Amino acid sequence: MELTKVAERVLLVGVGLKSEGRAVEHSLAELQGLAETADAVVAGSLSQSVARYHPGTLIGSGKVREVALAAKACRARTIIFDAELSPAQQKTLEGETDAKIIDRTRLILDIFAKRARTSEGRLQVELAQLSYMLPRLTGAWRSFSQQVGGIGTRGPGERKLEYERRHIQSRILRLQDELERITARRRVQRSRRLSVPVPLIAIIGYTNVGKSTLLNSLVSMGKGPSSPKGGCSPLPKGAQACQDRLVYADDKLFATLDPTTRRVRLPDGTHAVATDTVGFIRRLPTTLVAAFRSTLEEASLADCLLVVTDATAQDFSAQDAAVDAVLADLGAAEVPRVRVFNKTDLLGPSERKELARSHPDRPLVSAATGAGLSEALGRVAEVLGRKWLLRELDLPHHGAGSLVSTVYACSQVLAATHYGTKVRYRMRVTAENWERLRALAARV
């Protein structure tokens with residue numbers, strides 16, 4: 001007989017400073033989405049705006065009693081706080097509410113653990129979870145620790161606490177070593193990819209704004225006639241095999257964690273490589289940023305960032321600010337970017353008109369219907385054109401074989417036109433490589 005899993009009933013508690021205004025409400029709504037993504041049943045919610053956070057309970061003793069009563073009334077055995085709790089605060093709250101206390105960080109870590117599919121993703125999540133857990137061991141094993149002193153506290157208790165701490169520290173070191181090896185392999189893969197003369201685009205945005213669906217739509221747009229004779233440079237080894245496979249996309253928070261790369265055809269017939277990255281979120285746990293840094297750094301290596309914003313989000317300005325903050329932390333603040341509004345098919349005509357009026361620099365697109373994608377790609381091609389220059393180089397038919405190989409190796413050749421005793425190569429090339437090619441051509 002198959003047992004049916006009973007969903008966990010939870011009570012949500014939003015908390016913020018009074019100076020933040022309605023940000024508490026928006027964050028609480030987001031917390032509900034996170035809880036539902038973790039397969040919890042939201043039985044109720046409360047919010048509290050405070051002048052300053054209480055050091056012991058975050059929300060003050062009076063509100064703690066209200067939370068405890070609300071949890072019992074809605075039969076919720078788990079209470080999720082929309083904040084990062086200290087180990088001491090978590091222990092105090094659990095004692096006063098007689099419920100399991102989860103903070104925002106632990107909830108996000110749980111979702112990442114559920115979503116991780118590759119071995120690297122699982123290792124990254126485990127590292128983040130253990131880094132979060134380590135400072136909380138003292139609270140978890142307080143009853144066994146000799147630190148409290150007194151009769152009856154001596155014996156194996158502290159050995160248990162120290163054993164757990166050493167075990168976690170040892171596991172963290174092993175995970176860091178293993179991830180460093182994976183990171184080294186990723187660096188090699190990146191260097192090979194960067195050696196291929198193809199512009200790089202990173203699709204960036206808040207979680208669940210439609211990045212994966214957008215990548216699928218951009219790939220579908222490029223399945224047209226083949227490139228002009230002379231062709232674009234090939235994809236990195238192994239990438240062509242998965243070019244036709246759709247990227248997994250779902251209407252869920254953090255549906256995809258692993259970066260996925262596909263080739264995208266630009267309006268001028270050239271190609272770029274686009275990478276779908278993990279979604280960002282406000283107050284993204286620092287342990288996750290540290291663990292996923294090697295994959296998040298795809299953004300800093302891109303020639304252009306395609307920053308996607310959910311046009312239907314009431315607080316999209318705050319989401320944009322969260323994305324910009326993470327990009328700055330990753331060293332990608334100076335990378336050129338194109339911002340677009342996605343999901344505009346879900347807006348009414350008047351809403352789209354107002355959005356276009358208030359943000360004339362952002363194309364309105366719909367990854368679901370394909371509307372506006374041509375304009376967005378045109379903006380991306382314009383940005384890429386500042387680095388990837390359109391140039392022509394004339395070489396003789398004979399005696400330039402090695403230079404021709406260099407041309408194809410370090411530029412994206414669009415056409416090769418034969419005339420007289422020469423061949424004119426029309427190409428997209430970076431300024432550095434163009435100067436190198438000109439110097440080599442002068443010697444022929």
- Item | Accessible area per residue in Å² at 1.4 Å probe, computed on region 292-369 | 43
- State whether region 1-89 is rounded, prolate or oblate according to the following rule on the C-alpha gyration tensor (a ≥ b ≥ c being the square roots of its eigenvalues): a/c under 1.5 gives rounded; otherwise a/b larger than b/c gives prolate, and the remaining case gives oblate. prolate
- Task: Just read off the accessible area of Lys18 with the full protein assembly in place, 1.4 Å probe, to the nearest 10 Å².
- Result: 140
- Taking square-rooted eigenvalues a ≥ b ≥ c of the alpha carbon gyration tensor, is region 266-396 rounded, prolate or oblate, where a/c under 1.5 means rounded and, failing that, a/b exceeding b/c means prolate? oblate
- Query: Beyond 17 Å, what percent of the Cα pairs of region 367-427 remain?
  - Reply: 53
- Message: How big is the dipole moment of region 267-333 about its Cα centre under a simple scheme where the beta carbon of each Lys and Arg is +1, that of each Asp and Glu is -1, and everything else is neutral? Debye, nearest 20, please.
- Response: 280
- Message: List the aspartates and glutamates whose Cα sits under 16 Å from the Cα of Lys18, skipping any in the same chain fewer than 8 residues away.
- Response: Asp82
- Sorted list, accessible surface of protein heavy atoms, 1.4 Å probe, largest first, for Tyr132, Tyr408 is Tyr408, Tyr132
- Message: Leaving ligands and nucleic acids out of the surface, order Met427, Met221 by accessible area at 1.4 Å, largest first.
- Response: Met221, Met427
- What aspartates and glutamates could a cross-link reach from Lys72, if we take a straight Cα to Cα line under 15 Å and drop same-chain neighbours fewer than 8 places away? Glu8, Glu94, Glu96, Asp98
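The values are calculated or read from the model by the stated rules, or taken from the named source; none is laboratory data. Treat the numbers as computed from the prediction; the structure is a model and nothing was measured. Virtual Cβ from ideal backbone geometry, glycine too; neighbours counted across all protein chains shown. In case anyone asks, the SASA skips ligands and DNA or RNA and just uses the protein heavy atoms, side chains included. Shrake-Rupley method; radii C 1.70, N 1.55, O 1.52, S 1.80 Å.
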